[in-house]
Protein chains: 2
Amino acid sequence: MSKHAKEMGVLKEHLGKHQLKFTRQRELILDAFLKQEHITAEEMYHQLARKDPHLGLATIYRTLNLFCEAGLAQARHFGTQTQYDNISHKGHHDHLICTGCGKIVEFENCDIERLQEEVASRNGFTIQTHRLELYGLCSHCRH
Amino acid sequence: MSKHAKEMGVLKEHLGKHQLKFTRQRELILDAFLKQEHITAEEMYHQLARKDPHLGLATIYRTLNLFCEAGLAQARHFGTQTQYDNISHKGHHDHLICTGCGKIVEFENCDIERLQEEVASRNGFTIQTHRLELYGLCSHCRH
DNA sequence: TTGAAATTGATAAACCGTCTCAAAAATGAT
DNA sequence: ATCATTTTTGAGACGGTTTATCAATTTCAA
């Protein structure tokens, strides 16, 4: 039994519902994806180059977008690139980013999330996803 | 006295500190920028084409990025383009974005901001700025 | 006014992500 | 297992956005 049986099941169910096929590449990419918090297509391309030198970048983009549709991943624009967050394993998280050294700290805060829901419903919105980034100086860079 | 004297002052101070020069183009772009909540470089290019047909797109990009460094603007990646938000005029605000029709609602929430400070200090960070975007469906698109 | 330094405009180039399409692989039926 | 159908893949072309280049122009302090 695979390490990622549950997520593999989610993927297969999505594939089944949409007349899509289960392929070696999709399995390979899902396995690699689930080991990360978040990753870019480019990073994954280099990581997987050793396992399968012929795996194309387009396939990685297509597959990561597929994961988003299947509810396994979430795309997030960060800098100029798109980060694909692994939401199946640890749930959603937000980011604290040091403008001095670039350090990134992940956090979760239920109270903030609850207030977000409040703001949304007050404006008639139903939240699908969100993005919260706090920029500042870490204790090291402040001195 | 110009309508945007305060922000012009902020810009001039930043220019002075960094051995940069005050130019006709920078003044023109700042005036146009401060009239907007948020704008893309391309939109501004077309807006200003009438006032100065020779103003180059590269200059607009350079200048909007300069405003970010001066603390007058904040860049935000939305879809494939970059939105430059005017943060000097109305203070910081966050966004509710409809994934159906693209409608953007601005909001402010002191409670959320307070909790952000809490999270940051718990991690030894001092916040300089932040970005919060809630994506979902507006009441119109939900039906 | 003069001269050093920064800025501009035009365009080339870089970059990210998507599209195209022929070849290959997966699935369901026989 | 084989076949026929449909989807997927890989490689590179492509499109849109942003940055880099560089000669000519402008700013600004002396």
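The values are calculated or read from the model by the stated rules, or taken from the named source; none is laboratory data. Owing to the predicted nature of the structure, the values given are computational and were not obtained by experimental measurement. In this analysis, Cβ positions are derived from the backbone assuming ideal geometry, glycine residues included, and neighbour counts consider all displayed protein chains. What goes into the accessible areas is simple: the full protein's heavy atoms, side chains included, and nothing from ligands, DNA or RNA. Shrake-Rupley method; radii C 1.70, N 1.55, O 1.52, S 1.80 Å.
The table for this structure:
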item: Calculated [θ] (222 nm, deg cm²/dmol) that DSSP helices of n ≥ 4 give over chain B, each run adding -39,500 (n - 2.57); result: -13000 deg cm²/dmol
item: Accessible surface of the protein assembly as shown [probe 1.4 Å, protein heavy atoms]: carbon and sulfur percent; result: 51 percent
item: Three-way shape label, chain A, alpha-carbon gyration tensor, a/c 1.5; result: oblate
item: Shielding by other protein chains, A:115-124, mean Cβ within 10 Å; result: 6
item: Packing-based order for A:137-143, A:61-67, using average beta carbon neighbours within 10 Å, highest first; result: A:61-67, A:137-143
item: Long-range HN-HN contacts of residue B:40 with modeled amide H, under 5 Å; result: B:84
item: DSSP beta bridge pairing in the stretch A:78-136, given as percent antiparallel to the nearest 5; result: 55 percent
item: Accessible area expressed per residue, the protein assembly as shown, with surrounding protein chains retained (probe 1.4 Å, Å²); result: 55 Å²
item: Three-way shape call for the stretch B:5-86 based on the alpha-carbon gyration tensor, with the a/c threshold at 1.5; result: oblate
item: Partnerless Cys - chain A, beta-carbon criterion under 4.7 Å; result: A:68, A:101, A:110, A:141
item: Between the stretch B:113-139 and the stretch A:70-143, the Cα center-to-center distance that results, in Å; result: 8 Å
item: For residue B:78, residues with placed amide H under 5 Å, excluding near neighbours; result: B:83
item: Candidates per GluC sites (Glu not before Pro) in the stretch A:80-133, loop by DSSP, up to 16 other Cβ within 10 Å; result: A:108
item: Neighbouring partner chain Cβ atoms per residue of B:98-107, average, 10 Å criterion; result: 2
item: Part-to-part distance (alpha-carbon centres) for the stretch A:29-50 and the stretch B:20-46, which is given in Å; result: 40 Å
item: Total accessible surface hidden between B and A, rounded to 100 Å², 1.4 Å probe; result: 3100 Å²
item: Cβ neighbours within 10 Å from other chains - mean over B:132-143; result: 6
